[in-house]
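Report on the following structure.
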Amino acid sequence: MVHAQGSVDHSPAPPPGAPPAAPTACHARHHALRVFRWHRGDSGDPAELLTGFLAANGLAVRNLGRSADKSRPDGHSDICGASLYVSADAGCVMINATPGGPTPVPVVPDVYAVVWVHADRGAPGSPQHGTGWQLGPWRASWTPDEHAGAIDQVRAAIGRGDVYQVNVVGHAAAPYVGNPTAALRRVAALPGARYGGVLADPEGRWALATASPETLVEVRDGRVLTRPIKGTRPATEAGRRELLASAKERAEHVMIVDLERNDLARLPGTGPVRVDELFAVRQWCGLWQAESVVSAALDGDVGLADLLRAVCPGGSVTGAPKLAALDQIAALEPVGRGVSMGALGWIGHDHLDLGLSIRTVAVDGERVHAWAGGGITADSDPQAEVAEAAAKAGPLRAALRDADTAGA
């Protein structure tokens, strides 16, 4: 059934593998009931359209603070929850910010939601894209020198007082042949992937896999929280010491924590916003990263549309101030952020848990796409920032290698 604003599909096919942030008890039991799609350029407010779709399917998205009662409306007892993906571009539309360049994967909607039901039988087969898996050479959308030049332009904008920090992201793509399912599952299984999972089009036109370690927003037991990550070093003892001692990394991190505190404070009816943990060092795929936890009590009148407008696009992948940083991103990045730097996760009857779609890849039937970047401050060294982005992309590329070399 097609609507003038957004579209809903009733195809029963599931994605290949567990959806990101889905409860463990639901794994291998998911069957799609309905699908919602919205593309940049479609009419209507995507936040409101999405909220209406999920509410019509029995999810408590109009009163997120009251979802802890675990009640399920009559007629929806078989619905276990919904997967949700919101692109960075859709987030820009929601807050009237400057969107980025055209996405390199236009087949993927900018808002995509799947309502799932449980079934006792195993999930049907995954979408097929041929047999085997062979990956061609990667080609970046800009050269290392162009990437470094963009960083210099950000530093100049900081010097003028236009912004305090901007996250600069690069894109690369590689052709492939064969079935990507196993490669996508390898990405989702990378160590430290708090939101590891796979989400796919029921018709097999696209799929994405995430190994994201970062919580964009979680609502559980009457509280809303975010876990921004900023600051990266190799996962060695020397790297850990360097990260903890770096004034530049700590300043960059604290700027984003302050931004996230402000984002949560703008939610109507929230209690005092607090920093529960500051600059904790955790590991992801051979890298140390600094993470904080910011939370607030959430009143029952806060809806999903309010929440998405408050936190999307995520502050740790935009910069500060957020709107000014998005202007810089739109001017500097030659390719849109596609499926990266958005929101990806799960909405249940008793909680919401959305990860930031960093460390995320997409396939579109012909190519696999990946993105990586980092936050830029006045003290950033362009060559070091280019190297950091490559370090973040490295585990993804290794997981995506041909089947006969993936374990090498």
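A few remarks follow.
- When the strands (runs of 3 or more DSSP E) confined to the range 124-237 are screened for residues that are closer than 24 Å to ASP263 by Cα, those reaching at least 2 such residues are found at 165-178, 215-220, 223-227, 229-234.
Yes/no matrix, rows are residues, columns are (1) surrounded by fewer than 18 Cβ atoms within 10 Å (Cβ to Cβ); (2) at pLDDT 95 or above; (3) of a type outside the set (A, V, I, L, M, F, W, C):
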residue	(1), (2), (3)
SER67	no, no, yes
ARG72	yes, no, yes
ILE95	yes, yes, no
ALA113	no, yes, no
ASP120	yes, no, yes
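- In the range 251-270, the residues that are out of contact with any strand residue (DSSP E or B) (no Cβ under 6 Å at 6 or more places or on another chain) and either part of a helix (DSSP H, G or I) or open to solvent by 30 Å² or more (accessible area, probe 1.4 Å) (or both): ALA251, VAL254, ASP258, ASN262, ASP263, ALA265, ARG266, PRO268, GLY269
- Scan the range 326-345 for residues that are polar (S, T, N, Q), part of a loop (DSSP other than H, G, I, E, B) and open to solvent by 10 Å² or more (accessible area, probe 1.4 Å) and the total you get is 0.
- ARG240 open to solvent by 10 Å² or more (accessible area, probe 1.4 Å), closer than 21 Å to ALA320 by Cβ and out of contact with any Asp or Glu (no Cβ under 9 Å at 6 or more places or on another chain): no
- Boolean, LEU323 is surrounded by 24 or more Cβ atoms within 10 Å (Cβ to Cβ), part of a helix (DSSP H, G or I) and touching a residue at least 40 places away in the same chain (Cβ under 8 Å): no
- Counting only residues that are crowded, with 17+ Cβ neighbours inside 10 Å and either within 18 Å of the chain's Cα centre (by Cα) or at positive phi (or both), the range 158-172 holds 7 of them.
- Taken together, ALA305, ALA310, ALA290 contain a single residue that is under 24 Å from GLU242 (Cα atoms), in contact with a helix residue (DSSP H, G or I) (Cβ under 7 Å, 6 or more places away or on another chain) and either part of a loop (DSSP other than H, G, I, E, B) or of a type outside the set (Asp, Glu) (or both), which is ALA290.
The values are calculated or read from the model by the stated rules, or taken from the named source; none is laboratory data. No experiment lies behind these values; they were computed from the predicted model shown. Note that each Cβ is placed from the backbone with ideal geometry, even for glycine, and that neighbours are counted across all protein chains shown. For accessibility, only protein heavy atoms count, side chains too; no ligands or nucleic acids. Shrake-Rupley method; radii C 1.70, N 1.55, O 1.52, S 1.80 Å.
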